[in-house]
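So the structure is just underneath, and the comments pick up after that.
Derivation of every value follows stated rules applied to the coordinates shown; laboratory data play no part. No experiment lies behind these values; they were computed from the predicted model shown. Every residue, glycine as well, gets a Cβ built from its backbone with ideal geometry; the counts of neighbours run over all protein chains shown.
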Amino acid sequence: MDRGQLHKGQLTSWQMFWLLTIGTTSTVVFVSPSDAYQILGYGGWQLILTSFIISILATLLAVKLGRRFGGSTYVGCSRQALGPTLGFIASGLLASWYTFAAAADSFLLARAMKVSLLIETPLEAIFAVGVLSVIYAVWIGVERFAMFAEVSLLVLIPLIVFLVTSPLKWVEVGNLAPVFTFPIRAYRSPGFWLAAFMLRVHAFLYMLYPSFVNQRKAATISLGAIALAGAFFAVTFAYPVMIFGMPVAKILLWPFWATIRVTRFSGFPVEKLLYFATVAWQVMGTISTSLLVYCASVCLAEMFHLKDYRVSLIMLIPVIIILTVAPRSYTDFHSYWVRAYYLLGWIATIIVPAITLLVAVVSGRRGNSGA
């Protein structure tokens with residue numbers, strides 16, 4: 001496969017919209033609500049708003065870079081703006097974040113399967129099946145698993161509607177009232193700004209921008225994905241508070257999962273609600289992880305001038321497996337790995353790209369072709 005044909009004109013606007021949306025929400029539902037509760041409590045809505053604004057600005061940055069350098073991937077943009085050496089380092093940081101994020105998503109997906117559905121199954125077996133699924137999805141190409149993302153909507157949309165409406169019997173809207181009366185304050189906590197890196201639509205754009213059939217719609221489609229992912233984040237934040245109250249929600253590691261599990265202890269007639277949830281997030285997690293691994297593989301392929309991204313995919317798999325099994329528990333993962341994921345995300349997908357664009361503007365550099 002010719003390297004120049006890896007991206008151009010592969011994905012429709014609809015496919016790209018759902019890839020960006022699913023790739024973002026799959027992690028948000030697990031990690032973000034608990035961070036919002038622990039950092040700000042009822043003021044967590046400020047974290048939602050901040051992450052929304054940051055994601056919009058970062059997305060506009062990614063689109064601006066792509067347009068300035070003729071529809072190149074980030075590898076091409078950074079190489080032309082910063083030079084071969086610094087561009088290689090900048091691209092390497094982005095590839096590292098993709099790899100780390102893929103391992104994080106894989107870890108979350110396997111833990112969810114273990115806790116909710118496959119209790120007696122060894123975690124290693126779940127990891128193995130998940131990795132094989134991701135390898136297959138990436139191997140067949142982004143166009144095909146984009147088609148899978150479209151088809152998965154037939155499963156995801158009814159399940160998500162069902163999951164959101166089923167626990168309504170136990171919702172106490174009054175528990176959410178303090179959220180709207182909580183005063184707006186300036187937060188100087190590093191933890192707040194780290195956690196504000198939640199809606200990662202922009203990160204996918206750096207490698208997927210050339211894949212837009214109509215690149216002029218890239219900003220509109222991406223902002224739409226941010227809006228939907230942000231709304232989903234707001235729901236996952238609000239639901240546990242309305243059902244459990246903030247004091248309980250703050251001590252839950254997986255708040256939205258606990259919202260689903262509460263039906264089992266309250267005489268809810270649908271005993272297998274958690275299984276339905278697991279199916280939904282199994283699909284979302286597989287798509288999300290596959291997208292991250294694809295971006296990492298293409299990024300490395302362009303960095304090392306490989307003709308086929310599958311070569312770098314083969315090299316990446318052992319690294320992702322090691323990173324996936326490294327955390328010994330979800331507590332360790334949430335305490336350390338999530339913070340590292342946020343920090344590397346800030347550096348690799350926001351700070352360094354912003355510097356890249358600034359250097360390009362100041363120096364007057366721009367391009368007309370891909371990497």
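Miscellaneous remarks
- Nearest-20 debye value, region 153-255 charge dipole, Cβ charges on Lys, Arg, Asp, Glu: 240
- Rg(Cα)/(2.2 N^0.38 Å) for region 157-234, N = residue count: 1.53
- Under Karplus coefficients 6.51, -1.76 and 1.60, residue-wise ³J(HN,Hα) of region 77-87 in Hz, glycine/proline x: 4, 5, 5, 6, 7, 9, x, x, 6, 5, x
- Mean projected area in nm² (Cα convex hull; one quarter of hull surface) for region 323-364: 3.2
- For region 72-135, diffusion coefficient by Stokes-Einstein and Kirkwood Rh (Cα), 25 °C, 0.890 mPa s, µm²/s: 178
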